[in-house]
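The values are calculated or read from the model by the stated rules, or taken from the named source; none is laboratory data. Because the structure is predicted, anything quoted here is derived from the model rather than measured. When we count neighbours, we look across all protein chains shown, and the Cβ atoms used for this are built from the backbone with ideal geometry, even at glycine. What goes into the accessible areas is simple: the full protein's heavy atoms, side chains included, and nothing from ligands, DNA or RNA. Shrake-Rupley method; radii C 1.70, N 1.55, O 1.52, S 1.80 Å.
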Amino acid sequence: MCGIVGFIGNQNAKEIILNGLTRLEYRGYDSAGLSLFNNRYQIFDVYKDEGRVQKLIDSTLNAPFSNIGIGHTRWATHGKVNQENSHPHYSQTRRFIIVHNGVIENYQQLKDQYLSKSNFTSDTDTEVIAQLIETFAQTLHVENAITTTLKLLHGSYALLVLDSNDPEKIYAAKYKSPLIVGHSESGITIASDLMALVGYSDTYHALEDKSFVVARREDVKIFNLDHVPLDIKFKPIELDDSDTTKGDYPHYMMKEIHEQPSVIRRIITNYYDKEQSLIKPEILSVMRDSDRIYILAAGTSMHAGLVGKQLIERLTSIPVEVHIASEFAYQNPLISKNPLFILVTQSGETADLRACLVSINERNYRSLTITNVPTSTLAREATYFLELYAGPEIAVASTKAYVAQVSVLAILAYELSTKSFDLKKEMSIAATSMEHFLESEKILDIVRLFLTRRNCFFIGRGLDYCVGLEAALKLKEISYIQTEGFAAGELKHGTIALIEDGTPVIALISDPKINGNTRSNLKEVQSRGAYTFHIVTESCKRDGDEVILEDVHPLLTPLVMVVPTQLIAYYAALERSYDIDKPRNLAKSVTVE
Ligand code: F6R
């Protein structure tokens, strides 16, 4: 959460930072701010306010040229959404200016212990960092003042610091929150996400925890907190503009929904060389030898995990438990003798999952992170990691990452099985069937007909139930319609009391064996006035069904069944004129617990 971009070099820092912030705005959009050096007055100007990056772009139109600056988009944690709490923050004399992503858990204690005489202008934990640096810099060299401060902080941080006494340097540091250093002939860009570097840096280095960076126009040096130099391994940036822009689509979410067939194909290419799986044999043997697999995840990724459980249990004899990360982290559930933990996460930075991984590592258990971001914390800290190859997912509502997660979990399950079918072929069929549906979908008409109510249900059984949970999350998070995903047979045990005249109930039916059962549940709600709508596969279709999808392998139905539900959410939000890519109260990459 929160996007950070800093630049020092021989170009216009404002342009690089504002473009970077625009690309990172999906990480938080409560406020945006920027600090640039004003050569005339020899000070760092600060521009900041609540609202979007566009407002910042407008308010900095006439800002003088500066070759150094730092910027921030905020997802509020400490203090209201207002101008005072927006970043950058400064120290009392305005000598130090900082932007921060993360949460300082002991900020109040630090304030009481070291800063009782300082005046504060915001309610944020971040301002404490700026004030501490200034306090220590009264007696210490600036670099020591910063590292002394860093050593006192409990929590998480990705930080950029400017010193008005030396406008030739940006200091940076990271712990738990991501931070990446980019390099090109024209300068050094430091950002919380690779996407901000595209077009401005040729190579990048993902910082390790407790790194301290000193960036100058011509070079960058990285140390640990005791000032011992660390190795820098710059790697080429492989993203390009098409990964970071909407192209011809009106929203990133629509673009990402349409990318799903190609994501499945990319996964097949990256995971197979002809018939040979490219997964490290060690990962498969650890899975095979484990007596229980624990899938840990949050939100959409947890829903993909629920599908993964069914796939692994149907294709192998390994029992699987799926846990919500924030619950698992602090509940001390009983663990089997020889477990494997699979962390499913698009961003690889989710703090709830990090809390799980810290305790998994402390107990010396093995773990596998499945993530879209190979440089992420959870990829680096797990025993093994597998990449999703979904490409950057920019819409806050996750779509293609879910499809990628289900696909990778399907490959893992299949590689542990007796391989009674050809998974690659079946995945390709699923990708093509998705494309056929997307070419001719008429979901907008259907949404207009009945999604005018303030509540909605998705019902299904088995894998369709898992998809129903994800469908409900998607609809509520972007259209704000109160939606529940329900096991079709469970509705009558209480929740059916909520069904009234016109309540929309969307049924997902892809398994012919339980088609009749779900249809009976539909009759139950219809007779109580529900407006029902049916998404079914060809082999389950009956007269009057509204959306009919081509049949795919029975284990891969979640890949195709989810697509109409994503579009229902998209069009419901569009009809209500909501901000589809940036829904209220949310942010991509939830780096706070
Ligand atoms: C919903 C959504 C979230 C994330 C959740 C976990 O559309 O995107 O529910 O799935 O915050 O995030 P990751 O997968 O990054 O761990």
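Here Ile133, Ile170 are screened, and the one residue that is among the β-branched types (Val, Ile, Thr), closer than 24 Å to Glu15 by Cβ and touching a residue at least 40 places away in the same chain (Cβ under 8 Å) is Ile170. Filtering segment 325-347 to residues that are within 20 Å of the chain's Cα centre (by Cα), without any contact (Cβ under 8 Å) to a residue 40 or more places away in the chain and surrounded by fewer than 21 Cβ atoms within 10 Å (Cβ to Cβ) leaves only Glu327.
Residue-wise test of (1) over 23 Å from Asp209 (Cα atoms); (2) at pLDDT 95 or above; (3) of a type in the set (Asp, Glu).
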position: Ile129; (1), (2), (3): no, yes, no
position: Ile133; (1), (2), (3): no, yes, no
position: Leu140; (1), (2), (3): yes, yes, no
position: Val161; (1), (2), (3): no, yes, no
position: Glu168; (1), (2), (3): yes, yes, yes
position: Tyr171; (1), (2), (3): no, yes, no
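Among the conditions (1) away from the ligand (no atom under 12 Å from the Cβ); (2) at positive phi; (3) open to solvent by less than 30 Å² (accessible area, probe 1.4 Å), the only one that Asn364 does not satisfy is (3). Selection of segment 221-246 for residues being under 20 Å from Ser184 (Cα atoms) and assigned to a strand (DSSP E or B) yields Lys221, Ile222, Lys235, Pro236. Go through the residues of segment 538-551 one by one and say whether even a single one is over 30 Å from Gly51 (Cβ atoms), more than 16 Å from the ligand (Cβ to nearest atom), β-branched (Val, Ile, Thr) and in contact with a strand residue (DSSP E or B) (Cβ under 9 Å, 6 or more places away or on another chain). Looking for residues that are over 30 Å from Gly51 (Cβ atoms), more than 16 Å from the ligand (Cβ to nearest atom), β-branched (Val, Ile, Thr) and in contact with a strand residue (DSSP E or B) (Cβ under 9 Å, 6 or more places away or on another chain), one finds at least one in segment 538-551, hence yes.
Of all residues in segment 499-514, those that are closer than 24 Å to Leu449 by Cα and exposed (fewer than 15 other Cβ atoms within 10 Å of the Cβ) total 3. If Ser398 passes every condition in (1) more than 26 Å from Leu567 (Cβ to Cβ); (2) open to solvent by 10 Å² or more (accessible area, probe 1.4 Å); (3) touching a residue at least 60 places away in the same chain (Cβ under 8 Å) but one, which one does it miss? Single failed check for Ser398: (1). Of the residues examined, Tyr249 is not one that is open to solvent by 20 Å² or more (accessible area, probe 1.4 Å), part of a strand (DSSP E or B) and aromatic (Phe, Trp, Tyr). Mind listing just one residue for me: the one in segment 381-426 that is away from the ligand (no atom under 14 Å from the Cβ) and among the aromatic types (Phe, Trp, Tyr) and, of those, farthest from the chain's Cα centre (by Cα)? The selected residue is Phe421.
Can you tell me which condition Ser589 does not meet? The list is (1) within 12 Å of the ligand (Cβ to nearest atom); (2) surrounded by fewer than 24 Cβ atoms within 10 Å (Cβ to Cβ), and all the others hold. Here Ser589 clears every test but (2).
If you check Arg23, Arg27, which single one turns out to be of a type in the set (Lys, Arg), open to solvent by 20 Å² or more (accessible area, probe 1.4 Å) and either assigned by TED's automatic domain parsing to the domain that holds Gly348 or within 25 Å of the chain's Cα centre (by Cα) (or both)? Selected residue: Arg23, the only one of Arg23, Arg27 that is of a type in the set (Lys, Arg), open to solvent by 20 Å² or more (accessible area, probe 1.4 Å) and either assigned by TED's automatic domain parsing to the domain that holds Gly348 or within 25 Å of the chain's Cα centre (by Cα) (or both).
Please go through segment 461-484 and pick out each residue that is within 11 Å of the ligand (Cβ to nearest atom), acidic (Asp, Glu) and surrounded by fewer than 24 Cβ atoms within 10 Å (Cβ to Cβ). Answer for segment 461-484, where residues must be within 11 Å of the ligand (Cβ to nearest atom), acidic (Asp, Glu) and surrounded by fewer than 24 Cβ atoms within 10 Å (Cβ to Cβ): just Glu477.
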